[in-house]
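Notes to accompany the following structure.
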Amino acid sequence: MELTQAAILIIIIILSIVIAFGIGSNDETFSTIYGSRTLQMKHILILTTIFAISGTLILGRNVSKTVGTGILTITITNSVVITVLISTAIWLILSSILKLPISTTHATIGSILGIGLFLGGSNSINWNTVLVMSIYWILSPIIGYFVAYFSYKIIHKLIINKLSGLRSFERAEKIFSYILIAVISINAFSRSGNDCSNAVGILTGIEAGVMDLNLALLITGIGFSLGIIVLGRGVIKNVGTLTELHPSTAFACEIPISVILFIGTLYGIPLSGSHIIVGALIGLAKARKTPTKKGLWKLILIWLLTFPASALISVMIYFPTSLIL
Amino acid sequence: MKGKKRKLKDIFADYQSEFMKGIKLLNTIINNFINNKVDKEKAREVIISEKKADRLKEEFIEYLYKNKRALPFLVEDRYKIITSLDKVLGVAEMTARSLAVYPFNFNSKLEKDFSNLNRLCFEIMEALIKATTVIETDFDKTKEYLSIISSLRRSALDLKFQMLAETYERMDNHLEIILFDNLISLLYEAISRAEEISDFLNGLIIKYPSR
């Protein structure tokens, strides 16, 4: 291997780790488990590491995920793809430092828009696709709100209200917590496999033949879990404590949302998991007549800023990236 | 998991029986005191019983926090129940100790009221222990015991002030007044603390179904 080729490979490996780190840093999958005190943070981090690496190794093989297709009408080069992924990762890391959950797809589209507008002007953007996606991002927290509100009411009426005695409550909560752990573990497993495919794609796509796929998957899996361990824990804590949670209320929030997200994926509806869970926690608080944590405006603000900020970062990053690649 | 759960329940059951043993002993000491009989041996037994209960409480707390429960806040609630019961038993011990060193004869005119207060205290403690048992399985039954505690506590409060009024009227010896006042207050403090636990249990009955 030539020196320059080796240097590029090292840069690409670092970039893919940064991207996987960024995605992992904003992963709030285990937030309700933390909020309901079903598991302690150290156990959550062990589980997320296991699922991040195994999910990437097993499910991340499907690296056919394309960045920008359907949104940009211009030719998508390697430097465009890398720019989009790095700027997305940077915005995800910045949000994670502020402990605020954002939609990864939202940030990616923002970056794509930025680079698209910069390289090809407004004609290079498929605005209809962007509009449809934006509507779903607005709809996501609203859907989460109502789903959690009504599922809590139903669970409360059918199960909680019929319990009597501390022991029966404890037994019921234990069952809820087991189901919750199982469902969220499956979510974490599939999410890491799906989200890491972008970072894996860089390693296997750009340096085709140079990097072994298993090694590439392992590197991104480690990057993803590092993101959760270093910064993701803050996001998990912040989202998990938006309102008071117990295993039963976390169940009322998470299970219907998982079903909705699954249906969304099945029909190709780009719902945002982060937006839905935040909306659901607010809906849950409303249904239970309990307060939510102060500072919800920061969440709304970061959601509104995601498009312009990631677009701006992508334009700034395009120059150094295009020089390297 | 089943074995572990039974063990926690068993420790609490042991604690409850030690608690009631101490309360029964106090009841006997007070009855003897009314008949001007100072029973130092029984007072010592109350102290021993309190110590045993204390050890059981520590065992219970250790078990409670070392083993993962499905409802972490239930751990805190159970912790509060046992520590509050322990405070009641602590007051019972203080009362027994005070009775053992009381330097005057009992004023016979207060015999009926003091005997009644003693009976009420015992009945309240009995209802409290039953409430802490049934709250694990039946909220409705718990409410019945809590309502008994509430009504008995009101009668105990009336009795306390009735006795204090009589004490202040009839006794000439100031030291006797102070010490007897202290005795009545200690006994009523145990009752009052029992009612605080009763209120806490009532809060749990409301809190859990409305989560």
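Brief remarks follow.
- From the options A:Gly295, A:Gly283, A:Gly279, residue that is of a type outside the set (D, E, K, R) and at positive phi: A:Gly295
- Every residue from the range A:1-28 that is over 23 Å from A:Ile86 (Cβ atoms) and touching a residue at least 24 places away in the same chain (Cβ under 8 Å): A:Met1
- Flag if A:Ile276 is surrounded by 20 or more Cβ atoms within 10 Å (Cβ to Cβ), in contact with a helix residue (DSSP H, G or I) (Cβ under 8 Å, 6 or more places away or on another chain) and closer than 14 Å to A:Leu242 by Cβ: yes
- Total residues in the range B:161-172, condition charged (D, E, K, R) and touching an Asp or Glu at 6+ places or on another chain (Cβ under 9 Å): 1
- Counted residues, the range B:14-50 - those being more than 13 Å from B:Arg97 (Cβ to Cβ), without any contact (Cβ under 8 Å) to a residue 24 or more places away in the chain and not charged (D, E, K, R): 3
- Consider the range B:180-210 and keep the residues that are within 14 Å of another protein chain (Cβ to nearest Cβ) and crowded, with 17+ Cβ neighbours inside 10 Å. The one that is modelled with the lowest pLDDT is B:Tyr208.
- Taking each residue of the range A:149-172 that is within 11 Å of chain B (Cβ to nearest Cβ) and touching a residue at least 12 places away in the same chain (Cβ under 8 Å) and looking for partners that are surrounded by fewer than 19 Cβ atoms within 10 Å (Cβ to Cβ) and among the basic types (Lys, Arg) with beta-carbon atoms closer than 7 Å, six or more apart or interchain, yields A:Ile160/B:Arg211.
- Among the residues listed as A:Ala309, A:Ala280, A:Ala287, the single one being modelled with pLDDT of 90 or more, among the aliphatic types (A, V, I, L, M) and farther than 23 Å from A:Leu100 by Cα: A:Ala287
- B:Tyr145, sole failed condition from (1) surrounded by fewer than 21 Cβ atoms within 10 Å (Cβ to Cβ); (2) within 14 Å of chain A (Cβ to nearest Cβ): (1)
- Candidates in the range A:288-306 are the residues that are part of a helix (DSSP H, G or I) and surrounded by fewer than 20 Cβ atoms within 10 Å (Cβ to Cβ); of these, the one that is nearest to the chain's Cα centre (by Cα) is A:Ile302.
- The number of residues in the range B:43-85 that are farther than 23 Å from B:Ala127 by Cβ, modelled with pLDDT under 85, part of a helix (DSSP H, G or I) and not aromatic (Phe, Trp, Tyr) comes to 2.
- Applying the condition of being charged (D, E, K, R) and either touching a Gly at 6+ places or on another chain (Cβ under 7 Å) or within 16 Å of A:Gly35 (Cα to Cα) (or both) to the range A:271-293 and asking which residue is farthest from the other protein chains (Cβ to nearest Cβ) yields A:Lys293.
- Only one of the listed residues (B:Phe114, B:Phe122, B:Phe104) is within 22 Å of B:Leu187 (Cβ to Cβ) and either among the charged types (D, E, K, R) or in a loop (DSSP other than H, G, I, E, B) (or both). That residue is B:Phe104.
- Filter result for B:Ala131 (within 14 Å of chain A (Cβ to nearest Cβ) and small (Gly, Ala, Ser)): yes
The values are calculated or read from the model by the stated rules, or taken from the named source; none is laboratory data. Small disclaimer: the values here were computed from a predicted structure and weren't measured. FYI the Cβ positions are ideal-geometry reconstructions off the backbone, even for glycines, and counts take in every protein chain you see.
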